[in-house]
Amino acid sequence: MDALDRLDAEISRCRLCPRLVAWREEVAATKRAAFRDQTYWGRPVPGFGPHDARIAILGLAPAAHGGNRTGRIFTGDRSGDVLFAALHRAGLANQPTSTDRDDGLTLTDTRIFAAVRCAPPDNKPTPQERDTCAPFLHREMGLIRPHLRVVVALGGFAWAAFWPALKAVYGVAPARKVPFGHGVLWQTEGAPALLGCYHVSQQNTFTGRLTPGMLDEILARAKALAGAN
Ligand code: SF4
């Protein structure tokens, strides 16, 4: 077990945010009808993917009936269906689907984690919950720092969570605020590049705001930035 395994285990036991602990456990107990036969994870969801990944994908938080059910980030929900299909097309995942923790999925050169590790009500963590969870992100980025070359931020929340992590891990801050946008790239010497991507939420993918083609372009750019082509 290495330091990142130990961090993953520590994260999965965390109970620091009372509102989120109550919510994740309530969802796990009441369940969605379609999953009533399953035992929900009901705990914080650690990162997933190789420890020497050059590409990181940073999300917002686990979904109540996705990661909070299966125990693996973006696994078992529609957002994950879109993301893992794209990762597979990009050659970064061995299969296009992600249904449960034992489905055989492996990622290549890619680690996925969230800014907040517990499922929040309405997908909206409070600023206090975001800040309480931030050290986990900072520690995880610190541990994968030797290989990390690019972070793909899925949505504005993840984009905003990157900057404190950058400061904490690399001691770097941008000269001025960099607004989030799909396809926006920020780079500086001695730190991973940051690439913005609309979140893979149903709200974006069902409406066509984020298409599979747009996601393919982002992942192709991420691979090029990471030297993973
Ligand atoms: S959100 Fe983060 S800090 Fe809060 S209980 Fe979950 S793992 Fe712990």
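The values are calculated or read from the model by the stated rules, or taken from the named source; none is laboratory data. Just so you know, these numbers come straight off a predicted model, no measurement behind them. All Cβ positions, glycine included, derive from the backbone under ideal geometry; neighbour counts span all protein chains shown. All accessible areas refer to the heavy atoms of the entire protein, side chains included, with ligands and DNA or RNA removed. Shrake-Rupley method; radii C 1.70, N 1.55, O 1.52, S 1.80 Å.
Please report, in debye to the nearest 20, how large the charge dipole of the chain is about its Cα centre when each Lys and Arg carries +1 at its beta carbon and each Asp and Glu carries -1 there.
Numbers: 28 positive and 21 negative charges, 96 e Å.
Dipole about the Cα centre, nearest 20: 460 debye.
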Which whole-angstrom value gives the distance between the alpha carbon centres of the stretch 152-229 and the stretch 62-140?
16
Between 17, 197, 118, find the one with the highest GNM mean-square fluctuation for the chain; connect C-alpha pairs within less than 10 Å.
17
Most fluctuating of 33, 90, 53 in the GNM of the chain (C-alpha, under 10 Å) is 33
In the stretch 137-229, chymotrypsin sites (Phe, Trp or Tyr not before Pro) in a DSSP loop with at most 15 other beta-carbon atoms within 10 Å
206
Take every DSSP beta bridge with both residues inside the chain and express the antiparallel ones as a percent of the total, to the nearest 5.
20
When the accessible area of the chain is split by element with a 1.4 Å probe, what percent falls to carbon and sulfur?
52
Normalised by the number of residues in the chain, what is the relative contact order in percent for Cα pairs under 8 Å and 6+ residues apart?
21
Helix-only [θ] at 222 nm, the chain, -39500 (n - 2.57) per DSSP H run of 4+, per residue, nearest 500, equals -12000 deg cm²/dmol
Run the numbers on the stretch 103-229 and let me know its relative contact order in percent, using alpha-carbon pairs under 8 Å that are six or more apart.
23
Please grab the % of Cα pairs in the chain that end up more than 34 Å from each other.
7
Leaving out ligands and nucleic acids, and using a 1.4 Å probe, what accessible area per residue does the stretch 80-229 come to in Å²?
46
